[in-house]
Each structure stands twice: as C-alpha cells, then as structure tokens.
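Below is one structure, written out as structure tokens, with a few remarks after it.
The values are calculated or read from the model by the stated rules, or taken from the named source; none is laboratory data. Because the structure is predicted, anything quoted here is derived from the model rather than measured. Virtual Cβ from ideal backbone geometry, glycine too; neighbours counted across all protein chains shown. To get the accessible areas, we keep the full protein, side chains included, count just its heavy atoms, and leave off ligands, DNA and RNA. Shrake-Rupley method; radii C 1.70, N 1.55, O 1.52, S 1.80 Å.
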Amino acid sequence: MDSYVGVFDSGVGGLAVVRELKNRLPREAIMYVADSRFFPYGTKPREQVIERATAIIEYLEQHGARIVVVACNTASSAIFPDIQQRVSVPVLGMISAGVKSAQLATRNNRVAVLSTPGTARRHGYLRAMSLLDPTVDMIELQSQELVNLVEAGTIDGRDVTDYASDVLKPVHEFGADTLVLGCTHFPFLTRLMESILGSSVKIVDPSKELAYEVGLVLEGCRLRALTGHPDRFLTTGDTGDFLDKARLFLGDYVNSVEVADI
Ligand code: DGL
C-alpha cells in the first residue's frame with residue numbers, strides 16, 4: 001500500500017495547509033479528505049466533531065497514512081489530547097502551532113485570534129497560550145460567515161469585505177500587533193485582511209509552523225518518504241464540486257477527486 005501524510009478538514013480550508021506541506025516537504029505524498037458532507041464543523045456540537053474527526057483519522061490510518069495532520073482548528077480544539085490514545089500514528093493539530101507562531105510574531109504581547117464559533121467556545125487558543133506564555137494577552141474573535149463564504153469560493157467582493165471589516169474591528173481596539181488565522185479557511189483571505197488591518201498588524205498562518213513540525217516528527221520517527229507517488233484528494237460530498245474548489249485554491253495540479261465513504 002502507498003503511504004501518505006494524511007490531512008483532513010471539513011472542506012477547502014485544509015488545502016491551505018496542503019500548500020504549506022508541499023512547500024516544505026515536496027517529496028511527501030498527501031492524502032487529503034474533505035468532510036464536505038458534514039461542513040460546517042464550526043457550528044456543530046463538540047461530540048459530533050469528535051465523532052467525524054475520529055472516523056476520518058481511522059480511515060486515513062487504514063488507507064496508508066503514517067502521520068495525520070488535523071488541518072482544522074475546530075476539530076483540533078475538540079479532539080486533543082485524547083485522540084492520540086485512540087490511534088497508533090502520530091496526530092498533529094493546528095492550535096499548538098498557532099500559539100507558537102503568535103508568540104514568535106508578537107512584539108507587544110497582544111494577540112487576536114480569529115476562528116469559528118466552535119473553536120472560540122472551547123477557548124483552546126487561550127488555554128494553549130496561557131500554558132506557553134502567560135505574558136501574552138489574547139482576544140478571541142469568531143466568524144462562521146467568513147468561513148462559509150470561503151467554502152463557497154468567495155474570497156473577495158462586497159460581502160466578504162463587509163464581514164471581515166466588521167469582525168476585525170476589535171483587533172485595533174485591543175491594540176493587538178498580531179492576528180492568528182485560527183481557521184484554515186482564512187489564509188485565503190490574507191490579502192483582504194492585510195488591506196483592512198494595515199501594516200501595524202502581522203497576520204500569522206499556523207500552517208507554516210505546523211508544516212515545520214510535521215517535518216520534525218517524520219524525521220524523528222524515521223517516517224520520511226523514500227519514493228514519491230501522487231497525492232490523493234477525497235471528499236465525503238460531491239466530487240465535481242470539490243474538484244472545482246480544489247483547483248480554485250491549489251491550481252490545476254489537482255486533477256481528480258475520489259469519494260471517501262466515511
Ligand atoms: N476550517 C476549519 C477550521 O479550521 C473549520 C471550518 C468549519 O467547518 O466551520 O476551523
């Protein structure tokens with residue numbers, strides 16, 4: 001069986017993580033599952049998110065993943081640390097990478113994190129930051145509307161600009177010099193958010209740090225790929241629809257999407 005770095009999200013957001021993984025670890029083949037049939041995770045109860053995430057991680061493990069990347073903050077905030085006891089491959093998530101990147105980026109120790117309502121409700125970022133560095137003050141902002149727009153392929157125009165301007169207002173009021181993109185759908189809005197916030201706020205995408213951590217774990221566990229083989233993209237929803245979106249965000253290199261029966 002071919003072996004993969006398994007990656008999943010509720011939809012297109014995790015493709016931003018795939019982009020970083022391919023930049024840093026170009027020889028690693030990716031198996032990506034979009035749980036499109038159950039999108040969005042951001043408004044679902046924790047138990048449902050845990051159930052879906054666990055089923056997908058087990059599926060990835062059974063189909064050749066030797067490490068799993070939870071490319072979804074909402075799922076990461078729900079399943080860690082317990083998930084590692086249920087599966088035998090290493091599982092890495094977004095939140096610890098997010099707080100680490102924010103701590104490295106901030107100069108005034110005031111950080112905002114923008115996530116889904118589910119992630120904000122569980123306060124995973126606040127707790128992780130208080131463990132890593134209690135001198136950093138953090139505010140949590142949330143928007144499911146922005147997630148839904150990105151999932152629908154809308155990354156510019158009136159609606160998305162209005163929602164983003166509104167939700168980002170507290171960033172300057174709080175005096176944050178750093179904004180963490182605490183949902184993997186948001187890196188596709190980086191340029192828009194930069195134009196709203198101006199140059200005094202640094203926008204941090206946790207995917208970069210996460211891709212670095214994945215490399216370390218693969219190296220440390222002697223799990224690096226020996227031969228390259230093609231990436232695979234799967235969805236629990238409509239394959240044609242996901243192919244169009246994956247091409248929009250990752251380009252023509254995605255040329256087929258399979259069904260994941262999970
Ligand atoms: N992209 C996901 C995240 O990072 C979840 C979006 C959703 O399904 O609501 O939280």
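Would you please give the FRET efficiency between Arg158 and Arg191, computed as 1/(1 + (r/R0)^6) with r the Cβ-Cβ distance and R0 = 22 Å, to the nearest 0.05? Rounded to the nearest 0.05, the efficiency is 0.85. Over all Cα atoms in the chain, the spread is summed up by Rg and Dmax: 17.3, 53 Å. Accessible area per residue (1.4 Å probe, heavy atoms of protein chains only) ranks Glu47, Glu140, Glu209 as Glu47, Glu140, Glu209, with the largest value leading.
Largest first and in whole Å, the equivalent-ellipsoid semi-axes of the range 162-237 read 34, 17, 9, each the square root of five times a Cα gyration tensor eigenvalue. In the elastic network of the chain, a GNM with C-alpha springs shorter than 10 Å, the most mobile of Val217, Val113, Val91 is Val217. Scaled to the globular estimate 2.2 N^0.38 Å, the Cα spread of the range 118-262, given as radius of gyration, is 1.24. What the range 54-160 shows is 40 Å² of accessible area per residue, with the surface traced by a 1.4 Å probe over protein heavy atoms. Note on Arg247 and Asp2: with the Förster distance fixed at 25 Å, the Cβ-Cβ geometry gives a FRET efficiency of about 0.65.
Between Glu145 and His229, what is 0.36 nm times their sequence separation minus the Cα-Cα distance? Round to one decimal in nm. Residue separation times 0.36 nm, minus the Cα-Cα distance, leaves 26.6 nm.
Its residues counted as N, the range 115-184 yields a C-alpha radius of gyration over 2.2 N^0.38 Å of 1.19.
A straight line joining the Cα centroids of the range 136-170 and the range 105-128 runs 15 Å. Mean-square fluctuation check for the chain, GNM, Cα pairs under 10 Å: which of Ser165, Ser199, Ser130 is largest? Per the Cα network of the chain with a 10 Å cutoff, Ser199 tops the list.
When the Gaussian network model of the chain links Cα atoms closer than 10 Å, the mean-square fluctuations of Asn148, Asn23, Asn109 top out at Asn23.
Would you mind giving the three semi-axes, in whole Å and largest first, of the ellipsoid equivalent to the range 50-114 according to its Cα gyration tensor?
Values: eigenvalues 153, 26, 16 Å².
Those come to 28, 11, 9 Å.
Computed over the chain, relative contact order equals 27 percent, with contacts defined as Cα pairs under 8 Å that lie 6+ residues apart.
Taking R0 as 35 Å, what's the FRET efficiency between Asp238 and Glu173 from their Cβ-Cβ distance, rounded to 0.05? Don't skip to the end; give the middle numbers.
Working: r = 41 Å, r/R0 = 1.17.
Efficiency, rounded to the nearest 0.05: 0.30.
Using a 1.4 Å probe on the protein heavy atoms, what percent of the accessible area of the chain belongs to carbon and sulfur? Before the final figure, lay out the partial values.
Values: 5620 of 11310 Å².
On the chain, the fraction of accessible area on carbon and sulfur atoms equals 50 percent.
Shown for the chain: lysine pairs separated by 8 or more places, or found on different chains, whose C-alpha atoms are under 26 Å apart, numbering 12.
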